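Input: a single structure, listed below in structure tokens.
The values are calculated or read from the model by the stated rules, or taken from the named source; none is laboratory data. All values reported here derive from a predicted model rather than from experimental measurement. Don't worry about glycine lacking a Cβ; one is built from the backbone with ideal geometry, like all the others, and counts go over all protein chains shown.
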Amino acid sequence: MITLYDLVFADDRRPSPFCWRTKLALRHKGLDWRDEPVGFTDKEKIAFAESKLVPVIHDGAKVVKDSWAIAEHLEKAYPDKPLFPDDPTRAHARFVNAWADSAVHMAIFPLIVGDLVDRVRPADKAYMLESRGKRLGTTDFAAFQANAREKGFAAFRATLEPARRILATQPFLSGAAPAYADYILFGSLMWPRCVSPTDLLEDGDVVHAWRERMLDLFDGMARRAKGP
Ligand SMILES: N[C@@H](CCC(=O)N[C@@H](CS)C(=O)NCC(=O)O)C(=O)O
């Protein structure tokens, strides 16, 4: 029988998002477990797992900490009813697509809108002023951009944290080799690269190193793209 160490609050409340992931995964697999509530000051209960965080599970002789590691363990040990079904690569790429289109683009746009407008074809300027002006509520794009940049790039860089965590452990978002998920985020980063003299990424960032690898792909196709 699996034992699950789950964070407990007052009156047996169980708010931990990570423990909930594990509970749903266990149910998904049709597995039963013994519940072991752990309060913030009961950490000795999970010392055997060398963890200060929950969830932790004890599954026979196996001890697993971290909700993601637990999901992977359950998938391997109990392959019926997969937690990662049907074309997982496409599902992953769809998620990256939605994330890039919303969070990443929303963070980039204010930082480059002035540069974009400055570099649009003269014939397209009026269209850009009208459409982007409506979106932003102003046509003083230079001031809008300067104001956004005054606040710094921290918010934009924070949106890249999911990619940063993945790229700290593998060379590409898609694994050992680049694929569509990489092309999605890379495309987002080519947007500022082609119009803005300032690089939005810092040198030491793993996302920066990944972008360098992406720029080398296909005989440096993107590296040769016209810059600002
Ligand atoms: N990466 C871990 C995060 C686990 C985590 O942060 N758990 C919180 C509960 S939501 C915890 O154990 N906090 C204990 C503490 O802050 O002392 C996972 O996915 O399992």
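I need the full set of residues from the range 181-221 which are surrounded by fewer than 18 Cβ atoms within 10 Å (Cβ to Cβ) and in a loop (DSSP other than H, G, I, E, B), in order please.
197, 198, 199, 202, 203, 204, 205, 221 - these are the residues of the range 181-221 that are surrounded by fewer than 18 Cβ atoms within 10 Å (Cβ to Cβ) and in a loop (DSSP other than H, G, I, E, B).
Would you say residue 44 is within 16 Å of the ligand (Cβ to nearest atom), surrounded by fewer than 15 Cβ atoms within 10 Å (Cβ to Cβ) and not polar (S, T, N, Q)?
So residue 44 fits the description; yes.
Go over the candidates 129, 160 one by one and state the one that is farther than 30 Å from residue 90 by Cβ and either among the aliphatic types (A, V, I, L, M) or in contact with a Lys or Arg (Cβ under 6 Å, 6 or more places away or on another chain) (or both).
Result of the check over 129, 160: 129.
The rows are residues; the columns are (1) in contact (Cβ under 8 Å) with a residue 12 or more places away in the chain; (2) not aromatic (Phe, Trp, Tyr).
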site	(1), (2)
139	no, yes
148	yes, yes
163	yes, yes
167	yes, yes
176	no, yes
182	yes, yes
191	yes, no
194	yes, yes
197	yes, yes
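I'd like the residue in the range 52-75 that is near the ligand (Cβ under 8 Å from one of its atoms) and part of a loop (DSSP other than H, G, I, E, B) and, out of all such residues, is farthest from the chain's Cα centre (by Cα).
By that ranking, first place goes to 52.
Within the group 49, 25, which residue is modelled with pLDDT under 95, under 15 Å from residue 2 (Cβ atoms) and within 13 Å of the ligand (Cβ to nearest atom)?
Result of the check over 49, 25: 25.
Which residues, taken from the range 1-16, are near the ligand (Cβ under 9 Å from one of its atoms), under 28 Å from residue 60 (Cβ atoms) and part of a loop (DSSP other than H, G, I, E, B)?
16
Among the numbered criteria (1) modelled with pLDDT of 95 or more; (2) surrounded by fewer than 13 Cβ atoms within 10 Å (Cβ to Cβ); (3) not charged (D, E, K, R), which single criterion is violated by residue 152?
If we test residue 152 against (1) modelled with pLDDT of 95 or more; (2) surrounded by fewer than 13 Cβ atoms within 10 Å (Cβ to Cβ); (3) not charged (D, E, K, R), just (1) comes out false.
Could you go through the range 85-92 and let me know if any residue there is touching a strand residue (DSSP E or B) at 6+ places or on another chain (Cβ under 6 Å) and either away from the ligand (no atom under 15 Å from the Cβ) or touching a residue at least 12 places away in the same chain (Cβ under 8 Å) (or both).
Checked the range 85-92: no residue is touching a strand residue (DSSP E or B) at 6+ places or on another chain (Cβ under 6 Å) and either away from the ligand (no atom under 15 Å from the Cβ) or touching a residue at least 12 places away in the same chain (Cβ under 8 Å) (or both).
Can you confirm whether the range 123-139 contains a residue that is surrounded by 12 or more Cβ atoms within 10 Å (Cβ to Cβ), under 18 Å from residue 153 (Cβ atoms) and among the β-branched types (Val, Ile, Thr)?
Within the range 123-139, none of the residues are surrounded by 12 or more Cβ atoms within 10 Å (Cβ to Cβ), under 18 Å from residue 153 (Cβ atoms) and among the β-branched types (Val, Ile, Thr).
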